[in-house]
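Q: A single structure is presented below for examination.
The values are calculated or read from the model by the stated rules, or taken from the named source; none is laboratory data. Remember, it's a predicted structure, so these values are computed and weren't measured experimentally. Don't worry about glycine lacking a Cβ; one is built from the backbone with ideal geometry, like all the others, and counts go over all protein chains shown.
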Amino acid sequence: MNIAEVARRAGLPAKTIRCCEQIGLIAPLRQPNGYRAFRETEMNKLAFPGRARSLGFTIEDCRTLLALYDDRTRASADLKAVAEAHLARIGTKIAELAAMQATLSELVRHCAGDTRPDCPILQGLSRTTG
């Protein structure tokens, strides 16, 4: 398959497919004229990083997961470890976002939102923590 056909079937822009190749997530064959020749395996692998990225996995995580995908001697525990590490990062990020939301909500709640120049939002943002 050529890149146009793969792009159509995978529902991805050709630019994304080239990017996946450039960062080493896929490795299509090259024809004598230099054109890419995609196999069914690349088709399957192209769906993988898109879905993994939509779940927030890093490019490095995608590389690791794809290497495990190709490794028929892998243990599911290896895959689970990658997913659990990512899940922990998501939990940390959620806690950080919740703290940000609470702080900003408090600042907004204290702002009168009127024509006066003084504002607790600016005061809160300029306050140093220590």
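Q: Considering only region 67-100, state which residues are among the basic types (Lys, Arg) and over 21 Å from residue 24 (Cβ atoms).
A: Hits for region 67-100 are 80, 89, 93.
Q: I would also like to ask the following. Answer with yes or no whether residue 57 is surrounded by 10 or more Cβ atoms within 10 Å (Cβ to Cβ), modelled with pLDDT under 95, in contact with an Asp or Glu (Cβ under 8 Å, 6 or more places away or on another chain) and within 29 Å of residue 16 (Cα to Cα).
A: No: the conditions fail for residue 57.
Q: Pairs needed: first member in region 83-107, in contact (Cβ under 8 Å) with a residue 12 or more places away in the chain; second member anywhere, in a helix (DSSP H, G or I) and of a type outside the set (D, E, K, R); C-beta distance under 7 Å; at least 6 residues apart or different chains.
A: Taking only residues 6 or more apart or on different chains, the pairs are 107/120; 107/121; 107/124.
Q: Related question: Return yes or no: is residue 77 out of contact with any helix residue (DSSP H, G or I) (no Cβ under 9 Å at 6 or more places or on another chain) and outside any loop (DSSP other than H, G, I, E, B)?
A: Against the criterion (out of contact with any helix residue (DSSP H, G or I) (no Cβ under 9 Å at 6 or more places or on another chain) and outside any loop (DSSP other than H, G, I, E, B)), residue 77 qualifies.
Q: What residue, of 104, 97, 87, 125, is assigned to a helix (DSSP H, G or I), within 30 Å of residue 17 (Cβ to Cβ), not β-branched (Val, Ile, Thr) and not assigned by TED's automatic domain parsing to the domain that holds residue 21?
A: None of the others qualify; the one that does is 87.
Q: Run down 17, 26 and say which single residue is under 26 Å from residue 85 (Cα atoms), in contact (Cβ under 8 Å) with a residue 12 or more places away in the chain and buried (at least 19 other Cβ atoms within 10 Å of the Cβ).
A: Result of the check over 17, 26: 26.
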